[in-house]
Amino acid sequence: MSYYYFKPTKAKEVEDGIKARSKRGAFASSWWAKRWIAALERLVDSGRLGRGRSYARKGQVISIDEKKDGILAKVQGSRSTPYKVTIKIASLSDSQWDAVIDALAEQAIFTAQLLAGEMPQDIEEAFKEAGASLFPEKRGDLETDCSCPDWANPCKHVAAAHYILGERFDEDPFLIFRLRGRTQEEVMSALRERRAGEDDFAEEEVEEEIIPPLEESVSTFFELGAPLDTFSVRIQNPAIKIPLLKRLGEANFVPKPGIEVLLQGAYASISEKAVALAYGEEED
């Protein structure tokens, strides 16, 4: 018997864990989220990956928070105390970021897409030109740790947190910027400074669009104009949970523990279903 053998145990069920939107098949939908997940899958054996996916879909990830130096998550395993998982990526140096900004500023399309909240498909080429990488490429780029007794690192608990984080990337592509050491605002501010004097920057005069009178377009009013193949929608979680209930305040006719506590489960379920429908995902 191997010294590192651990007898399989059943994880304790979690009532209010973070369940992955993906019910089967691949996680995440955007190319940047898939690139993030692929970085982990190169490092973990198939068995632990499978258990990590199962944990993510069952809701074993209790919390996942962005910290200054990386990601901190709690994942419920077989023990009574959840395991602590950390995921870190090495920050780029100031000189590396300066070189990246210079490379991005050379192409107006990068600035336009970033301003629109999109992660440009070719952005990794700008990072390579600067001698850096946006996503983890080698083992040293991705640092993970878990408080569980499994000798393997990354383990299934790290994998579960990583998959949930992948779906967060769908909602917020600029999370990868922050993990690499710069916020979206810092990157965009630097890009504006680089391109401030160029004629093709966003402040250039735009030819006024000619809009035909309504009476001339009644017959085609409800027809689709330009194709939406490149149009994408990104749904982000509100900064404050159940904002509507918090704005309305507690209802004095509702007994303790109060209307927020009583309804937050229903609001969470409705939101989860709405997001699943928006992304075209079906329940089992």
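Does at least one position in segment 112-131 carry a residue that is on the phi < 0 side of the Ramachandran plot, assigned to a helix (DSSP H, G or I), touching a Leu at 6+ places or on another chain (Cβ under 9 Å) and polar (S, T, N, Q)? Checking segment 112-131: not a single residue is on the phi < 0 side of the Ramachandran plot, assigned to a helix (DSSP H, G or I), touching a Leu at 6+ places or on another chain (Cβ under 9 Å) and polar (S, T, N, Q).
In the set (1) without any contact (Cβ under 8 Å) to a residue 24 or more places away in the chain; (2) under 16 Å from residue 145 (Cα atoms), the condition left unmet by residue 40 is number (1).
Condition check for residue 71 on (1) assigned to a helix (DSSP H, G or I); (2) touching a residue at least 40 places away in the same chain (Cβ under 8 Å): one failure, at (1).
Within segment 77-84, does at least one residue satisfy the condition of being of a type in the set (Phe, Trp, Tyr) and assigned to a strand (DSSP E or B)? Scanning segment 77-84, I find at least one residue that is of a type in the set (Phe, Trp, Tyr) and assigned to a strand (DSSP E or B), so the answer is yes. The residues of segment 89-98 that are outside any loop (DSSP other than H, G, I, E, B) and surrounded by 17 or more Cβ atoms within 10 Å (Cβ to Cβ), listed by number, are 89, 96, 97.
Restricting to segment 248-264, name every residue that is of a type in the set (D, E, K, R), at pLDDT 75 or above and either at positive phi or in a loop (DSSP other than H, G, I, E, B) (or both).
Once the filter is applied, which keeps residues that are of a type in the set (D, E, K, R), at pLDDT 75 or above and either at positive phi or in a loop (DSSP other than H, G, I, E, B) (or both), segment 248-264 yields only 256.
Could you go through segment 44-59 and let me know if any residue there is within 17 Å of the chain's Cα centre (by Cα), on the phi < 0 side of the Ramachandran plot and touching a residue at least 40 places away in the same chain (Cβ under 8 Å). Checked segment 44-59: at least one residue is within 17 Å of the chain's Cα centre (by Cα), on the phi < 0 side of the Ramachandran plot and touching a residue at least 40 places away in the same chain (Cβ under 8 Å).
Within segment 119-146, the set of residues being in contact (Cβ under 8 Å) with a residue 24 or more places away in the chain and either under 14 Å from the mean Cα position of the chain (by Cα) or surrounded by fewer than 17 Cβ atoms within 10 Å (Cβ to Cβ) (or both) comprises 119, 121, 129, 131, 135, 137, 139, 140, 141, 143, 145.
Could you run through segment 31-75 and say how many residues are in contact with a helix residue (DSSP H, G or I) (Cβ under 6 Å, 6 or more places away or on another chain), farther than 14 Å from residue 167 by Cβ and of a type in the set (A, V, I, L, M, F, W, C)? The qualifying residues number 3. Take the conditions (1) part of a loop (DSSP other than H, G, I, E, B); (2) closer than 25 Å to residue 31 by Cα; (3) modelled with pLDDT of 85 or more; residue 164 misses just one of them, which is (1). Every condition in (1) within 22 Å of residue 178 (Cβ to Cβ); (2) over 18 Å from the mean Cα position of the chain (by Cα); (3) not assigned by TED's automatic domain parsing to the domain that holds residue 16; (4) not β-branched (Val, Ile, Thr) is met by residue 107 except one, and the failing one is (1).
Counting the residues of segment 22-68 that are of a type in the set (Val, Ile, Thr) and part of a loop (DSSP other than H, G, I, E, B) gives 1.
The values are calculated or read from the model by the stated rules, or taken from the named source; none is laboratory data. As the structure is a prediction and not an experimental result, all values here were calculated from the model. Neighbour counts are summed over all protein chains in view; Cβ atoms, including those assigned to glycine, are modelled from backbone coordinates with ideal geometry.
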